[in-house]
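Presented below is the structure to which this report refers.
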2 protein chains.
Amino acid sequence: MANVVITGGAGFLGARLARDLLAAGSLDVAGDGERPLSRVTLLDRVAAPPDLAASDRVTVAEGDLAGLVAPGQAGRYALAGADVVFHLAAAVSGECETDFDLGIRANLHATEALFAACRAVGTIPLVVFSSSIAVFGGSPELPLPAVVEDRTLPNPQTSYGIQKFIGEQLLADYTRKGFLRGRSIRLMTVSVRPGRPNAAASGFMSGIIREPLAGQRAVCPVDPAAEVALASPARAIEALRCAVTSPDDVWGGRTAVTMPGLTVTVGDMVAALAQVAGPEVTSLIDWVPDPAVAGMVSGWAAHFHSDRAARLGLAPDPDFTSIIRKHLADTQPR
Amino acid sequence: MANVVITGGAGFLGARLARDLLAAGSLDVAGDGERPLSRVTLLDRVAAPPDLAASDRVTVAEGDLAGLVAPGQAGRYALAGADVVFHLAAAVSGECETDFDLGIRANLHATEALFAACRAVGTIPLVVFSSSIAVFGGSPELPLPAVVEDRTLPNPQTSYGIQKFIGEQLLADYTRKGFLRGRSIRLMTVSVRPGRPNAAASGFMSGIIREPLAGQRAVCPVDPAAEVALASPARAIEALRCAVTSPDDVWGGRTAVTMPGLTVTVGDMVAALAQVAGPEVTSLIDWVPDPAVAGMVSGWAAHFHSDRAARLGLAPDPDFTSIIRKHLADTQPR
């Protein structure tokens, strides 16, 4: 049997992952063969979506993560017997820039508390940490290389990126010590992210597609020539699942794996939107440059080549029109 | 006036640094010109050496660092008005491998508490963090390169190395946010370290010189062919001082600077000892291989090339005989 815990389980990726796991009904943990899914526990500070909360295979624990997993608390009990823990809960980049202490609490202290709790349960769970390409950045003394590779030195330029990179380091050491089996996967910016806008600086990369498709205006804060790397929700979920199912020798080590990304310009994205949905839709985009966002985006890595990801069978989305079509299919009323 | 705080100020490097600063009587902070040294405060969990404790320019606060710098505690008061903070306090590598929780407490939580306290004082002090070449390491998926350069990706293989690397990341972000002016300098293994053996896995790199020179037997746990990189105490102090005195543009950025090291084999070290002190001294070395230590040492970086260190005017020791001669001069009764 496979007992799975998802932090941030009420969020967009967490809930989608939970639904996928429940639909599959079984999970192959590190290549040891498919095991029936016995339980999915969702830890989140907000309520789980009703469809998940209603499932008799789902347990929900609501609260701030660090508190939830403290000794004697609900999350700590929920970890008992865990085979797999997906750690997706995080404060996003924009929030962490605005409120430094929130980022430290939500991304650093809560992550450390979770790893300590995973150690304490004694089952040596497989722990997948959702890191981020926000770990990469450039500074005058250490510019971002033209292509980010597996041995590129992260040089985070945001608190969020720093906190994710610290999480990778902690997880690697917990793994080396045998306290848990950690795997860090650096997710791409997800586009098109459904739902409402969040405080991530990369939010526009979904907003300029999602809002116009829903007949609403959207602001694009960067130039059409700006290059970004992104992945569809389906590819992000695939990367998270791959981090569980791969045998140890295929996964390849304790350092983080960077998932593949599709490199496009913002202009390409909008052209794809016009192609799929027509120019009347793209006319809903207001081009209002925001130097703060544009500055951040220009510092993000946009070209990736990960040998490890390729060996794991992970591939980028083929093009942005297919991403838009998947988004339409996902969000159509059923 | 320059008000200096040294964590680990009762330790070997901290006390030597304090004595050097007091003897100089002034300090140039970030190239802004020499300022008279008003105060040196030593924070340590052990008592300060008597000569320092007796100085009317020295203040001592004794206790565990995280407790000392908590709001309302002695160390927090001691930081008030600080212009420069040297953070040297740490649990050493061997201790951290034996006692994971000690390392987390002493190297991670205490470091974070110190940075938070430096932020809280509001003077935006220049904070020098003594990191370590223990951040470098190799793993099957990411072997150590033949030469470690400024853009080499650290891949720590010990808890100590992980904790030091996390400290670098935190300091970089505190600096980016303007809470303090942080500079991380990765110290080499210091040889010859005076005093008694400690629990560092690299301890033999001093012990095989120090003990025989004092007429005592010493164990060498590695093969003479083992290559190591090291620096004399004087070069380590020089690197720490350089991290304070360099103007911002010369220091070069928020990523860590790796100090230069002299690459030698253990056999070279012993040959230099024979040259300086005679074969009767080297006959006091017992070659007793310890696979655990040898394994760690073989994973350490031994060849370094740091452009930033060179631009800062830092150079390795010229040879190991000069290091031994300096050690003899330093430890001779006066």
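Identification of helices (runs of 4 or more DSSP H) wholly contained in segment A:256-334 with 3 or more residues that are under 13 Å from A:V228 (Cα atoms) yields A:266-277, A:291-298. Would you say B:L171 is within 13 Å of another protein chain (Cβ to nearest Cβ) and free of Cβ contacts under 8 Å to residues at least 40 places away in the same chain? Judged against the criteria, B:L171 is not a match.
Here's the yes/no breakdown for (1) crowded, with 24+ Cβ neighbours inside 10 Å; (2) farther than 15 Å from B:G9 by Cβ; (3) charged (D, E, K, R); (4) at the interface with chain A (Cβ under 9 Å from one of its Cβ atoms):
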{"position": "B:V58", "(1), (2), (3), (4)": "no, no, no, no"}
{"position": "B:G67", "(1), (2), (3), (4)": "no, yes, no, no"}
{"position": "B:G94", "(1), (2), (3), (4)": "no, yes, no, no"}
{"position": "B:E112", "(1), (2), (3), (4)": "no, yes, yes, yes"}
{"position": "B:G122", "(1), (2), (3), (4)": "no, yes, no, no"}
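Contact map, segment A:16-27: first residue hydroxyl-bearing (S, T, Y), second residue surrounded by fewer than 13 Cβ atoms within 10 Å (Cβ to Cβ), Cβ cut-off under 6 Å, separation 6 or more or different chains; pairs are A:S26/A:P36.
In segment B:26-40, how many residues are of a type outside the set (S, T, N, Q) and closer than 16 Å to B:C242 by Cα?
9
Per this entry, B:I209 is counted among residues that are away from chain A (no Cβ under 14 Å), surrounded by 23 or more Cβ atoms within 10 Å (Cβ to Cβ), closer than 20 Å to B:I323 by Cα and not polar (S, T, N, Q).
Across segment A:154-193, what is the number of residues that are part of a strand (DSSP E or B), within 22 Å of A:H109 (Cβ to Cβ) and of a type outside the set (K, R)? Within segment A:154-193, residues that are part of a strand (DSSP E or B), within 22 Å of A:H109 (Cβ to Cβ) and of a type outside the set (K, R) number 4.
Pairs are defined by a Cβ separation below 9 Å, a sequence spacing of at least 6 or placement on different chains, a first member in segment A:58-81 that is outside the structural domain of A:R119 (by TED's automatic domain parsing), and a second member that is surrounded by 19 or more Cβ atoms within 10 Å (Cβ to Cβ) and assigned to a helix (DSSP H, G or I); no pair meets this definition. Of all positions in segment B:286-295, none carries a residue that is modelled with pLDDT of 95 or more, out of contact with any His (no Cβ under 7 Å at 6 or more places or on another chain) and among the small types (G, A, S). Look at (1) among the β-branched types (V, I, T); (2) at the interface with chain A (Cβ under 10 Å from one of its Cβ atoms); (3) over 27 Å from B:A10 (Cβ atoms) and you find that B:V222 fails only one, number (2).
Evaluation of A:I237 against the conditions (1) in contact (Cβ under 8 Å) with a residue 60 or more places away in the chain; (2) aliphatic (A, V, I, L, M); (3) buried (at least 23 other Cβ atoms within 10 Å of the Cβ); (4) part of a helix (DSSP H, G or I) shows that the sole unmet condition is (3). Candidates B:L126, B:L142: the one that is surrounded by 15 or more Cβ atoms within 10 Å (Cβ to Cβ), within 10 Å of chain A (Cβ to nearest Cβ) and either modelled with pLDDT of 95 or more or under 25 Å from B:R176 (Cα atoms) (or both) is B:L142.
Within the set A:S191, A:S202, the sole residue that is over 23 Å from A:E280 (Cβ atoms), touching a residue at least 60 places away in the same chain (Cβ under 8 Å), buried (at least 24 other Cβ atoms within 10 Å of the Cβ) and more than 8 Å from chain B (Cβ to nearest Cβ) turns out to be A:S202. When each of A:I133, A:I162 is tested for being buried (at least 24 other Cβ atoms within 10 Å of the Cβ) and within 30 Å of A:A329 (Cβ to Cβ), the lone residue that passes is A:I133. Looking at the structure I just gave you, is B:S283 closer than 30 Å to A:G137 by Cα and out of contact with any Phe, Trp or Tyr (no Cβ under 9 Å at 6 or more places or on another chain)? Judged against the criteria, B:S283 is not a match. Among the residues of segment A:19-32, is any modelled with pLDDT under 95 and either within 17 Å of the chain's Cα centre (by Cα) or within 25 Å of A:D330 (Cβ to Cβ) (or both)? No, segment A:19-32 contains no residue that is modelled with pLDDT under 95 and either within 17 Å of the chain's Cα centre (by Cα) or within 25 Å of A:D330 (Cβ to Cβ) (or both). When you scan segment A:205-221, do you find a residue that is of a type outside the set (D, E, K, R), out of contact with any Pro (no Cβ under 8 Å at 6 or more places or on another chain), in a helix (DSSP H, G or I) and not assigned by TED's automatic domain parsing to the domain that holds A:T321, even just one? No: zero hits.
Determine whether A:F179 is over 26 Å from A:F304 (Cα atoms), over 18 Å from the mean Cα position of the chain (by Cα), surrounded by fewer than 19 Cβ atoms within 10 Å (Cβ to Cβ) and at the interface with another protein chain (Cβ under 10 Å from one of its Cβ atoms). For A:F179, the condition - over 26 Å from A:F304 (Cα atoms), over 18 Å from the mean Cα position of the chain (by Cα), surrounded by fewer than 19 Cβ atoms within 10 Å (Cβ to Cβ) and at the interface with another protein chain (Cβ under 10 Å from one of its Cβ atoms) - is not met.
Considering only residues that are within 14 Å of another protein chain (Cβ to nearest Cβ) and farther than 30 Å from B:R254 by Cβ, which ones fall in segment B:278-324? The answer is B:G295, and nothing else.
Residues in segment A:134-146 that are farther than 19 Å from A:R254 by Cβ and either assigned to a helix (DSSP H, G or I) or under 21 Å from the mean Cα position of the chain (by Cα) (or both): A:A134, A:G137.
The values are calculated or read from the model by the stated rules, or taken from the named source; none is laboratory data. Owing to the predicted nature of the structure, the values given are computational and were not obtained by experimental measurement. Quick reminder, even Gly has a Cβ in these numbers, built from the backbone with ideal geometry, and neighbours come from all protein chains shown.
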